[in-house]
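Here, each number is a calculation from the coordinates, and none is a lab measurement. Just so we're clear, the structure is a prediction, and the values are computed from it rather than from any experiment. Cβ placement follows ideal geometry from the backbone for every residue including glycine, while neighbour counts extend to all protein chains displayed.
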Amino acid sequence: MGCFPGPTCDSHEFEYPRPEPPMTASPPSSRAPCQACHDHQDLFPFTMAFQPVVDLVNRRIDGYEALVRGPGGEGAPSVLAQVTEENLYAFDQACRTRAIRLASRLGLDRRLSINFLPNAVYNPRACIQATLQAARESDFPLENLTFEILETEHLTETKHLQDIIGEYHHHGFKVALDDFPTGQSGLMRLADLKPDIIKIDRALVQDCDRDQVRRTIIAGIIRIATDLGVKVVIEGVERLEEVRALHAVGGRFFQGFFFARPLFEQIARDGDIDWPVMA
Ligand SMILES: [Ca+2]
Ligand SMILES: [Ca+2]
């Protein structure tokens with residue numbers, strides 16, 4: 001394995017919307033924004049896979065991240081290749097509502113994490129309506145929803161992100177900073193955005209059992225987050241040695257192939273996880 005990150009492989013939890021479509025910070029000019037985001041009928045087919053986030057202390061699944069897939073189980077890149085500037089808003093809305101509806105149908109009763117691209121939200125209050133409606137219709141508790149902020153090279157204005165987070169907190173959603181501390185998702189973002197959760201990226205986690213520098217950095221991040229009351233999810237764990245090394249520096253919540261791969265339109269249960277024995 002070791003193929004993270006990249007648009008050509010089905011990585012640990014390859015997610016919408018890493019291969020960034022061309023976009024602007026403003027909604028498509030040819031149509032009204034609200035119509036743009038409700039205009040689902042032209043949208044290409046896609047669905048979701050779900051990968052568990054596990055709680056190693058309680059040996060139970062804490063939640064699931066929804067990851068886009070093609071209708072036949074094709075990897076995220078084949079879906080994301082169809083996202084354009086014109087359909088980005090509809091796609092962002094459809095990701096949320098499909099994830100919630102499918103999760104509800106599967107009886108998912110833990111936390112559900114949905115990736116979103118801040119630039120696809122032009123007005124936090126207006127853009128959340130379809131999400132709220134889907135949750136209401138599916139009887140999915142709002143406090144079980146987490147939105148993962150994923151930023152790429154298109155840096156979003158801090159004030160815009162703070163407005164989105166404020167609106168999400170108002171509804172009881174949790175907010176996670178994805179891919180910490182890579183790219184834009186670093187300590188300044190942590191200070192400015194005060195998320196509920198940070199997700200430590202595979203790029204830092206990989207082979208941390210063999211690399212004291214990586215372990216020290218991760219231990220420092222966990223200490224800072226703990227002091228701030230921020231939950232830490234460690235992504236991309238593949239080997240038992242990594243899990244042990246991370247557990248030794250305070251790691252508790254994990255996501256990665258070691259525990260479970262994403263399941264296409266299915267969710268793993270607690271009994272499906274091969275829980276490791278910790279030293
Ligand atoms: Ca994510
Ligand atoms: Ca991630």
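At q = 0.14 Å⁻¹, work out log10 I(q)/I(0) for region 47-272 with the Debye formula, treating every Cα as an identical point scatterer and leaving solvent out; two decimals please. Treating every Cα as an identical point scatterer, log10 I(q)/I(0) equals -0.89.
How much of the DSSP beta bridge set in region 47-272 is antiparallel, as a percent to the nearest 5?
On the way: 13 of 36 bridges.
Beta bridges within region 47-272, antiparallel portion: roughly 35 percent.
Less than 21 Å apart at the alpha-carbon level, and either on another chain or at least 8 residues along: which lysines does that give for K159? Qualifying lysines at Cα under 21 Å: K174, K194.
May I ask you to sort F44, F116 by Cβ crowding, counting other Cβ atoms within 10 Å and putting the fewest first? Don't jump to the answer; show the numbers that get you there.
On the way: F44 15, F116 23.
By the 10 Å Cβ count, ascending, the order reads F44, F116.
Using a cutoff of 8 angstrom between alpha carbon atoms and counting only pairs six or more residues apart, the relative contact order for region 47-272 works out to 23 percent.
When only Cα pairs below 8 angstrom with a gap of at least 6 residues are kept, region 224-279 shows a relative contact order of 34 percent. Under a 5 Å amide H to amide H cut-off, with H placed in plane at 1.01 Å, what residues pair with M48 once short-range neighbours are removed? Long-range HN contacts for M48: R69, E265.
A cut-off of 5 Å between modelled amide H atoms, ignoring neighbours fewer than 5 places along the same chain, links V53 with D62, G63, Y64, E65. Full extension of the chain between N58 and R101 gives 12.7 nm of extra length, using 0.36 nm per residue less the Cα-Cα distance. Amide H to amide H distances under 5 Å link F147 with I114, K174, V175, A176, where only residues 5 or more positions off or on other chains count and H is placed in the peptide plane.
Please state the relative contact order of region 96-157 as a whole percent: Cα pairs under 8 Å, 6+ residues apart? It would help to have the intermediate numbers written out before the result.
Details: 54 pairs, mean separation 30.5, N = 62.
Relative contact order of region 96-157: 49 percent.
Would you mind ranking K174, K194 by Cβ crowding within 10 Å, fewest neighbours first? Don't skip to the answer; put the middle values down first.
Working: K174 21, K194 15.
With the sparsest Cβ surroundings first, the list reads K194, K174.
Using the Cβ-Cβ distance between D109 and R136 with R0 set to 22 Å, the FRET efficiency from 1/(1 + (r/R0)^6) comes to roughly 0.85. Charge dipole (Cα centre; +1 on Lys/Arg Cβ, -1 on Asp/Glu Cβ; no other charges) of region 47-272 amounts to roughly 580 debye. FRET efficiency for the pair E241 and D270, taken as 1/(1 + (r/R0)^6) with r the Cβ-Cβ distance and R0 = 30 Å, rounds to 0.80.
Choose one of V54, L193, A225: the residue whose Cα lies farthest towards the positive end of the charge dipole of region 47-272 (beta-carbon charges +1 Lys, Arg; -1 Asp, Glu; about the Cα centre). Most positive-ward Cα: V54.
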